[in-house]
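Undergrad: First the structure, then my questions, so here it is.
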Amino acid sequence: MTYTHLEIALKELRTLHSTHAELSIFCPFPDDVTRQPRAPYSIPATELFAMQDGLDASAYSDLRDALRGLGSDMLWRETYNDSDTDPDFMNRFGCYEIIGRDAPFRSKKMRGFLVFQPPHLHYPWHHHSADEIYVVIAGEAEFFLQGAPSQTLQSGQSAFHPSGAAHALTRHAHPVIAYVVWRDDFDVAPVWSTR
């Protein structure tokens, strides 16, 4: 695993937690972070992530570059692998954990993930027990929360999803990289929502 990208990512995430207004209120950077070894695991989206254009407009270029640099060294998740999920979604949606249980940086206080979606991909309605905040690092996406109007967010903007609330994410012409943080009851996996 590339030490430089890991250390830059950790430094930039620590800064993001202290300087991003909504994120700093939602979840301070954990004080129990320790390194742990993790073997890499790639999925089809790993290569898409490495080659994706259109992520230049970013308020967080150092963090974006570190997260992209880690791509092939991370344990990519297959959260919905055991469900009846559209193969196109499974082949193009990418997520890896950077802070938390299955991450190179362990914490028992929160879980932090990179979420990547290429253009023209819809992340279907789903919910989970954890409270969640998305912070867009690069690109843009349309965020949906049941009972609220959708909002299109760009780098630096965030979306909050309370525990149990159905939400979805759609990519149009641009890709997106987001930093996603879970707090409270974060060991329960997400499930598809019926609407």
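The values are calculated or read from the model by the stated rules, or taken from the named source; none is laboratory data. Only a predicted model underlies this, so the values are computations on that prediction, with no experimental measurement involved. For neighbour counting, all protein chains shown are included, and Cβ atoms are generated from backbone atoms with ideal geometry for every residue, glycine included. When the accessible area is computed, the model is the full protein with side chains, heavy atoms only, and any ligands, DNA or RNA have been set aside. Shrake-Rupley method; radii C 1.70, N 1.55, O 1.52, S 1.80 Å.
Undergrad: Remind me, what semi-axes does the stretch 84-195 give for its equivalent ellipsoid, largest first in whole Å, using sqrt of 5 times each Cα gyration tensor eigenvalue?
TA: 20, 16, 15
Undergrad: Kindly rank 79-92, 108-121, 162-175 from highest to lowest mean number of other beta carbons found within 10 Å of each residue.
TA: Listed from highest to lowest mean packing, they are 108-121, 162-175, 79-92.
Undergrad: Per residue, how much accessible area does the chain have with a 1.4 Å probe, in Å²?
TA: Ligands and nucleic acids excluded, the figure is 46 Å² per residue.
Undergrad: According to the Kirkwood expression over distinct Cα-Cα pairs, how big is the hydrodynamic radius of the chain, in Å?
TA: Values: mean 1/r = 0.0603 Å⁻¹.
Result for the chain stands at 16.6 Å.
Undergrad: Quickly estimate the mean residue ellipticity at 222 nm for the chain, helices only: each DSSP H run with n ≥ 4 gives -39500 (n - 2.57), and the total goes over all residues, rounded to 500.
TA: Helix-only estimate at 222 nm: -6500 deg cm²/dmol.
Undergrad: Still on this model: Residue-wise, which Karplus ³J(HN,Hα) couplings in Hz belong to the stretch 161-173, taking 6.51 cos²θ - 1.76 cosθ + 1.60, θ = phi - 60°, and x for glycine or proline?
TA: Ordered by residue, 3J(HN,Hα) equals 10, x, 3, x, 7, 5, 8, 8, 8, 10, 9, 9, 7 Hz.
Undergrad: Heavy atoms only, probe 1.4 Å: what % of the accessible area of the stretch 1-127 goes to carbon and sulfur, would you let me know? Please report the intermediate quantities before stating the final value.
TA: Values: 3190 of 6190 Å².
Ligands and nucleic acids excluded, carbon and sulfur give 51 percent.
Undergrad: Turning to a different aspect of this structure: Karplus couplings for the stretch 7-20 from phi (6.51 cos²θ - 1.76 cosθ + 1.60, θ = phi - 60°), rounded to Hz, Gly and Pro as x?
TA: Couplings: 5, 5, 4, 4, 4, 5, 5, 4, 5, 4, 4, 8, 10, 7 Hz.
Undergrad: Then there is this: What are the equivalent ellipsoid semi-axes of the stretch 40-87, built from the alpha-carbon gyration tensor (square roots of five times its eigenvalues), in whole angstrom, biggest first?
TA: Taking √(5λ) for each Cα gyration eigenvalue gives 24, 13, 10 Å.
Undergrad: Could I ask something else about it? To the nearest 0.05, how large is the calculated FRET efficiency for A50 and W192 if R₀ is 45 Å and r is the Cβ-Cβ distance? It would help to have the intermediate numbers written out before the result.
TA: Values: r = 28 Å, r/R0 = 0.62.
Between A50 and W192 the formula returns 0.95.
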